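Peer 1: My questions will all concern the structure given below.
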C-alpha cells in the first residue's frame with residue numbers, strides 16, 4: 001500500500017496551520033513518560049531546539065511511534081524546577097522537522113509551551129525543634145511567650161501547596177496555652193500559672209500540616 005503525503009512533500013505538522021502547542025504536566029511526571037504526541041510528516045529528520053532558555057530543551061526528548069507520529073518524552077526530572085526559592089513552571093522549546101525531496105531541504109517547526117503544575121508532595125519540617133521555654137509564673141495572661149515555632153514546606157513558595165497549619169494536639173488539657181492562629185504559631189499564655197499548685201512542666205505537642213488542595 002502506498003502512503004500519500006502532501007503534494008509538495010513538505011514536512012508538515014498536523015493539524016495544518018498550528019504553530020504553537022500548549023500542554024500541562026505535573027511536576028512528578030516520571031522521566032521517560034509522555035508529554036504529548038505530535039503528528040508530523042513526511043520527515044527525514046526531527047530535532048528539539050531552545051526558544052528562550054537553552055536549558056529548557058534538555059528536559060525533553062522524543063521517540064518515533066510511526067512514520068506520521070512522534071511522542072515527546074520527559075528526559076529530565078521536573079521536581080527541582082518548581083520547589084525552590086526561584087521557581088519556574090514554564091518551559092519552552094521548538095520542534096523542527098526537515099524533509100529532503102532530493103532537490104531542496106524544507107524545514108517546518110512547532111513551538112511547544114509546557115506548564116509544570118506544582119503538587120503537594122512535601123511535608124512541613126520544624127526548624128530548630130524541640131523547643132524549650134522558661135516562663136515566669138507571674139507572666140500576664142494573654143502575653144505571647146514564644147515566637148520561635150516555625151515549620152517550612154518545600155513546595156512551590158507562596159502557593160496553597162506551601163501553606164502550613166499549626167495546632168496543639170497534646171499536653172494542653174487544662175487550656176493554659178494557645179497558638180495565635182492556625183497559620184501563626186506564636187505561643188500565648190491563656191490561663192495564669194501557679195508553681196505551687198503544680199504548674200511546673202508542660203510538654204506540648206504541636207503539629208504542622210499542609211493544606212490539602214483539591
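Peer 1: Check 90, 112, 82 and return the single one that is buried (at least 17 other Cβ atoms within 10 Å of the Cβ), modelled with pLDDT of 90 or more and either more than 30 Å from residue 179 (Cα to Cα) or in contact with a helix residue (DSSP H, G or I) (Cβ under 7 Å, 6 or more places away or on another chain) (or both).
Peer 2: 112
Peer 1: Moving on. Could you tell me which of the residues 64, 56, 85 is farther than 20 Å from residue 25 by Cα and within 19 Å of the chain's Cα centre (by Cα)?
Peer 2: Within the list 64, 56, 85, the selection yields 85.
Peer 1: Identify, by number, the condition in (1) modelled with pLDDT of 90 or more; (2) at negative phi that residue 32 doesn't meet.
Peer 2: (2)
Peer 1: Failed condition for residue 197, given (1) in contact with a strand residue (DSSP E or B) (Cβ under 8 Å, 6 or more places away or on another chain); (2) modelled with pLDDT under 90, with all others met?
Peer 2: Of (1) in contact with a strand residue (DSSP E or B) (Cβ under 8 Å, 6 or more places away or on another chain); (2) modelled with pLDDT under 90, only one is false for residue 197: (1).
Peer 1: Any residue at all in region 61-75 that's under 14 Å from residue 112 (Cβ atoms), free of Cβ contacts under 8 Å to residues at least 24 places away in the same chain and not in a loop (DSSP other than H, G, I, E, B)?
Peer 2: The answer is yes; a qualifying residue exists.
Peer 1: Does at least one position in region 151-164 carry a residue that is surrounded by 16 or more Cβ atoms within 10 Å (Cβ to Cβ) and at pLDDT 90 or above?
Peer 2: no
Peer 1: Spot the failing condition for residue 206; the list is (1) loosely packed, with under 12 Cβ neighbours inside 10 Å; (2) touching a strand residue (DSSP E or B) at 6+ places or on another chain (Cβ under 6 Å), and only one is missed.
Peer 2: In the conditions (1) loosely packed, with under 12 Cβ neighbours inside 10 Å; (2) touching a strand residue (DSSP E or B) at 6+ places or on another chain (Cβ under 6 Å), residue 206 misses (1) alone.
Peer 1: Within region 34-60, how many residues are in a loop (DSSP other than H, G, I, E, B) and either free of Cβ contacts under 8 Å to residues at least 40 places away in the same chain or closer than 17 Å to residue 116 by Cβ (or both)?
Peer 2: Total satisfying the criteria: 3.
Peer 1: Return yes or no: is residue 120 surrounded by fewer than 15 Cβ atoms within 10 Å (Cβ to Cβ), within 29 Å of the chain's Cα centre (by Cα) and at pLDDT below 85?
Peer 2: Taking the combined requirement at face value, the residue does not satisfy it.
The values are calculated or read from the model by the stated rules, or taken from the named source; none is laboratory data. Here the structure is a predicted model, which means the values were calculated and not measured. Ideal geometry is used to build each Cβ from the backbone, glycine not excepted, and the neighbour counts take in all protein chains shown.
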